[in-house]
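Everything on this sheet refers to the single structure shown next.
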Amino acid sequence: MKQIQSRLRQTARQLLSEGKVDLLIGYRQGSLPLKTTPCFVSQEEEAVGLVWNSFCTNNLAVYLPGLFRPDPRSRKREEKKVGIVVKGCDCRSVVGHLKEDQVPREDLVIIGVPCQGMIDEKKIVAKLEGKEIIKAKEQDGQILVVDEKGQEIRLAKGNFLRDSCQVCQHPVPPLYDILIEGETARQALSDEYAEVKELEERSIDQRWEFFQREMSKCIRCYACRNACPLCYCPECFAEQSQPRWVGTTDDPSDIMAFHLGRIFHTAGRCVDCGACEAACPMGIELRKLTRKLIKDVEELFGYETGVSVEEPPPLATYKLDDDDEFIK
Amino acid sequence: MTEKILTKDKQEEFLSRLIKVYQVFAPVEKEGNSLFSQINTPEELAEEYRNTKRPPKELFFPHSEALFRFRKGQVLEENPNEVERVIFGMRPCDAKSLTLLDMVFNGKDFKDPYFIARREKTTIISIACARPQITCFCTSCGTSPVSEEGSDILLFDLGENYLVKSITPKGQQLIDSLGDLLTDTQESDLKKRDELIKTALVEMKSEIPTEGLKEKLEGMFDSPIWEKIHLKCLGCGICTYLCPTCHCFDIVDEAVDSEGERVKNWDSCMYPQFTIQASGLNPRLSNKERLRQRMMHKFNYSVSNYGQTFCVGCGRCVRNCPVNLDIREIVKLISGK
Amino acid sequence: MEKKKPNNGGDQPQNRQWQPKIVAFLCHWCSYAGADLAGISRIQYPPNIRVIRVPCSSRVNPLHIIKALQHGADGVLVSGCHPGDCHYGSGNYLARRKFALLKRFLEFIGIEPGRVQFSWVSAAEGQKFASVIEEVVEDVRKLGPARRLVKNSVK
Ligand code: SF4
Ligand code: SF4
Ligand code: SF4
Ligand code: SF4
């Protein structure tokens, strides 16, 4: 980890000093324990602030489409080269951007970092059962937490990984300009879709109950959408008013319609980076829904997201012998 | 006003008696999130909580509120009358936030009868914070973990007992009606209370430089500082929706043909749609303008308009921002400290 | 707030037996013409459908379907040209992929199988159109009135 961090800083310094990038998106130390925060570095000297550890959860790809959009005032696009630090999943989001023509490849420098899995802060908070965490750091594969009483608690990192990291098949970024040297020491779960299957096997009423319960927590803050690198539409259907697709009330039906619309828009595009679920302040299990689509896309169309820029998106292409069974 | 003692073994009865007379709202744990919700038995009360994830503003200013029903241009039914309510277990920062919302919804020029009716029919029982969280900075925002402002009754958790202090006549009335459950304070109780106040203030570790902030912001509308701060902001609604003082709303008609409801919904200055005009022009084009608005509104405009900072330092936005864009850091940057 | 029952567009008074209300999105080139043929040929089919003509089955956005369910439709049918017959070449092939996913997804979240259905009906298939409608109405009748996803203001 420490080595990766210093290599990363070194690379960033070099890119900035040689003018190969004008702006570099990475992580720096956050203001709270267990957190890092995205940072935008444009000066060589600022590169020392970059960090790499098990708290680099944010998917920085979310910023890319906005950075390359024309300025809303001048309607011109500023010429700039952007460097971005990516884990495997973040990189696959970038692949999505390239495929969908949201980001110019020539202006992008992808700095891949082999990932060992990121920590789910919510899991650690739950483990501490209400005790406040004052400090946290990483040490030899362990997370060292100091609680409010000054007590030190050692947690095995492997038990607190994000769910999306536990089933990740691509810890090494599939596309990069520079790959930072490092390890990926992790095993994927034996059955990556176990959770989805478990729900599929429940009765229809139980599934509805699950959906209803999750949706009932939603405050409609749209953080799930805004944190998703693929939700880059300048105007989301949820906000269009002519016509208005979804009402803006807290009627459960409107909340569900928003989520069904958003999640279905990610069909065949979602890379399971987990950014939506991580951003949700209410702990809604959004990945159970997005992963259902990932599983079906794989089953029906044999397609995996975020690995190839050239392969056409599954919903923009077809085969003559696609499943027809369900049609009268 | 009076100070009494409620021993903890009587807390259940205290709540049960309240539940018989009032609609009682208290912090509960619902599907993993703490929020204020109506309780029907004392057991529903969340056991250990520092403060709720969702602020209590929604009990006065709900996420969605039907103002009236209409048919073919005729108003059919209006706002139903609210019943008498008690909110138990609010924190001083949130109690303070209600006094700020009063200035908006019950001000000189504009009155929101729906909000006012709820406020009038609600008695607030707060509990002083003995252990502030690392994200609490209320003492920088005109209140404190032991402040009485906005509460009708303030409780101090003394371990075995609560010291019950009435703040307003409304609170006194409620205490009087439950007088048989309360005993007189002893010298030792008062000493314990003073200790609690002292430790609470010492334990408060976080702060922001609000002194002179309003004046500082005065000339900063076009400052280059805004160009950088917003870069990582996602433009979601977490910081405004979970803020106890944010109060922006939008009014829409939910109608089928010519019959329906006029509904007031929460809205957020962090959303692009918030300022879009009929012509299609959006004066706040990017997150830069929107984040500036949020900061200006809280720390400058509201000070001009109401003489108060519209942040009570509850730390909810700090804890819940998905990109750790910490309002305390923004304020520090602005004030150059 | 106490709500009066709004007129949600249904034409059956409360006291009469409940009749399913079905929104049918029919593509202009095939299924709509098929419906037309059924009409001209005086083939009987249940009067429970409300037809919305769309240029192509692939024009139907999942949100159209969700919105119909939100606003009181008991069932939704999307019907287009047979594979190979699309006026635009490949619209129905793309639609087929989209709806294969959507159908599974809606059932995954608890929308009963049968509420949302799909068919291919050509301009020459008046008889098939009638029998598709018959089947869909029967399926939805068995399921009963839609309760899931319906907006409170419509309930
Ligand atoms: S839907 Fe969620 S998991 Fe999928 S790409 Fe978007 S943020 Fe990532
Ligand atoms: S982030 Fe969570 S609470 Fe916010 S809109 Fe999405 S699901 Fe709802
Ligand atoms: S500051 Fe944080 S919580 Fe607020 S809009 Fe930006 S990303 Fe969302
Ligand atoms: S701005 Fe943040 S800290 Fe201040 S009152 Fe609102 S949520 Fe609490």
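The values are calculated or read from the model by the stated rules, or taken from the named source; none is laboratory data. What you see is a predicted model, and the numbers here were worked out from it, not measured in a lab. Heads up, the Cβs are rebuilt from the backbone with ideal geometry, glycines too, and the neighbour counts pull from every protein chain shown. To get the accessible areas, we keep the full protein, side chains included, count just its heavy atoms, and leave off ligands, DNA and RNA. Shrake-Rupley method; radii C 1.70, N 1.55, O 1.52, S 1.80 Å.
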Global geometry of region A:238-313, whether rounded, prolate or oblate, following the gyration tensor of its Cα atoms and the 1.5 cut on a/c: prolate
Which whole-number percentage describes the relative contact order of chain B, with Cα contacts under 8 Å and a sequence gap of 6 or more? 21
Size of region B:200-240 along its principal axes in angstrom, Cα-based, largest extent first? 38, 28, 16
Please report the orientation-averaged projected area of region B:13-80, defined via the convex hull of its C-alpha atoms, in nm². 6.4
Just add up the charged neighbours of B:Met220: K/R +1, D/E -1, any other residue whose Cβ is under 15 Å from the Cβ of B:Met220. +4
Is there a quick way to get the dipole size of region B:50-177? I mean about its Cα centre, with the Cβ of Lys and Arg at +1 and of Asp and Glu at -1; what is the value in debye to the nearest 20? 420
Restricting things to Cα coordinates, could you compute the convex hull volume per residue of chain A in Å³? 173
Run the accessible area of the protein assembly as shown with a 1.4 Å probe and give the carbon-and-sulfur part as a rounded percent. 48
Log entry, pair B-A: total buried accessible area, probe 1.4 Å, protein chains only, in Å² rounded to 100, is 3400
The ³J(HN,Hα) series, computed from each phi in region A:5-18 with the Karplus coefficients 6.51, -1.76 and 1.60 at θ = phi - 60°, rounded to the nearest Hz and given as x for glycine or proline, is 4, 6, 5, 5, 4, 4, 4, 4, 4, 5, 4, 6, 6, 7
In order through region B:275-281: 3J(HN,Hα) via Karplus (6.51 cos²θ - 1.76 cosθ + 1.60), integer Hz, x for Gly, Pro: 10, 5, 9, 4, 6, x, 6
Pick from A:Asp163, A:Asp120, A:Asp296: which is most flexible by mean-square fluctuation in a GNM of chain A where alpha carbon atoms under 10 Å apart are linked? A:Asp296
Those residues in region A:295-328 that give up at least 30 Å² of accessible surface, probe 1.4 Å, once the partner protein chains are present instead of the chain by itself are A:Asp296, A:Leu300, A:Phe301, A:Leu315, A:Tyr318, A:Leu320, A:Asp322, A:Asp324, A:Phe326, A:Ile327, A:Lys328
The ratio Rg/Rh over the Cα atoms of chain C, Rh being the Kirkwood inverse mean 1/r radius, stands at 0.98
Net charge of Cβ neighbours under 13 Å - reference C:Glu107; Lys, Arg +1; Asp, Glu -1: +2
One checks the Cα atoms of region A:121-160 and finds Rg and Dmax, in Å, of 9.3, 26
For the protein assembly as shown, give the share of DSSP beta bridges that are antiparallel, in percent and rounded to the nearest 5; count only bridges with both residues there. 60
Stretch A:Tyr193-A:Ser308 to full length: gain in nm at 0.36 nm per residue minus the Cα-Cα span? 39.2 nm
Among DSSP bridges having both ends in chain A, what percentage is antiparallel? Round to the nearest 5. 65
If I take every Cα pair under 8 Å that is 6 or more residues apart in chain A, average their sequence separation and divide by the length, what percent do I get for the relative contact order? 17
Give me the number: length gained by fully extending B:Gln273 to B:Lys121, i.e. 0.36 nm times residue separation minus the C-alpha to C-alpha distance, one decimal in nm. 51.3 nm
What is the distance in Å between the Cα centres of region B:102-163 and region B:191-227? 18
Any chance you could count the Lys pairs in chain C whose alpha carbons are under 16 Å apart, treating pairs 8 or more apart or on different chains as valid? 13
To check my understanding: the extent here is largest minus smallest coordinate of the Cα atoms along each principal axis. What are those three numbers for region B:213-335, in Å, largest first? 53, 32, 31
Radius 12 Å from Cβ of A:Arg202, net charge of other residues (Lys, Arg +1; Asp, Glu -1): -4
Positive-end residue, the protein assembly as shown charge dipole about Cα centroid, Cβ charges, pick of A:Asn159, C:Trp18, A:Gly83: A:Gly83
Would you please report the Å³ per residue occupied by the convex hull of the alpha carbon atoms in the protein assembly as shown? 185
Taking H placed 1.01 Å from N in the peptide plane, check which residues at least 5 places from A:Val172 or on another chain put their amide H under 5 Å from its amide H. A:Cys115
What spacing in nm lies between the two simple spin-label points modelled at B:Ile197 and C:Ile52, each 7 Å away from Cα in the Cβ direction? 6.4
Taking the C-alpha atoms of region C:52-136, how large are the radius of gyration and the largest Cα-Cα span, Dmax, in Å? 12.8, 36
Give me the one-decimal nm value for the distance between modelled label points at A:Arg69 and A:Glu298, 7 Å along each residue's Cα-to-Cβ direction. 3.2
Beyond 28 Å (Cα-Cα) in this structure, taken from A:Lys123/A:Lys217; A:Lys35/B:Lys53; B:Lys10/B:Lys191; A:Lys81/B:Lys337; A:Lys127/A:Lys288; A:Lys131/B:Lys4, we find A:Lys81/B:Lys337; A:Lys131/B:Lys4
Toy charge model, Lys and Arg Cβ at +1, Asp and Glu Cβ at -1: chain B dipole around Cα centroid in debye, rounded to 20, equals 1140
Please give the length that would be gained between B:Phe110 and B:Glu82 if that part of the chain were fully extended, namely 0.36 nm times their separation in residues minus their C-alpha to C-alpha distance (nm, one decimal). 8.0 nm
Sorted by chain and number, the residues with a modelled amide H under 5 Å from that of A:Thr36, at a separation of 5 or more or across chains, are A:Gly30, A:Thr57
extent check for region B:3-203: Cα max minus min per principal axis, descending, whole Å, gives 66, 38, 37
Name the aspartates and glutamates eligible as straight-distance cross-link partners of B:Lys111: C-alpha to C-alpha under 20 Å, and not fewer than 8 places from it in the same chain. B:Glu58, B:Glu65, B:Glu77, B:Glu78, B:Glu82, B:Asp102, B:Glu120, B:Asp250, B:Asp267
With a ≥ b ≥ c taken as the square roots of the eigenvalues of the C-alpha gyration tensor of region A:132-270, please select rounded if a/c is under 1.5 and otherwise prolate if a/b is larger than b/c or oblate if it is not? prolate
Quickly work out the C:Glu138-to-B:Ala255 label distance, labels modelled 7 Å from Cα along the C-beta direction, and quote it in nm with one decimal. 4.3
With the Cα gyration tensor of chain B in hand, convert its eigenvalues to equivalent ellipsoid semi-axes via √(5λ) and list them largest first in whole Å. 35, 28, 16
For the pairs A:Lys135/B:Lys216; A:Lys99/B:Lys298; B:Lys121/B:Lys288; B:Lys214/B:Lys288, note any where the Cα-Cα span goes beyond 31 Å. A:Lys135/B:Lys216; A:Lys99/B:Lys298; B:Lys121/B:Lys288
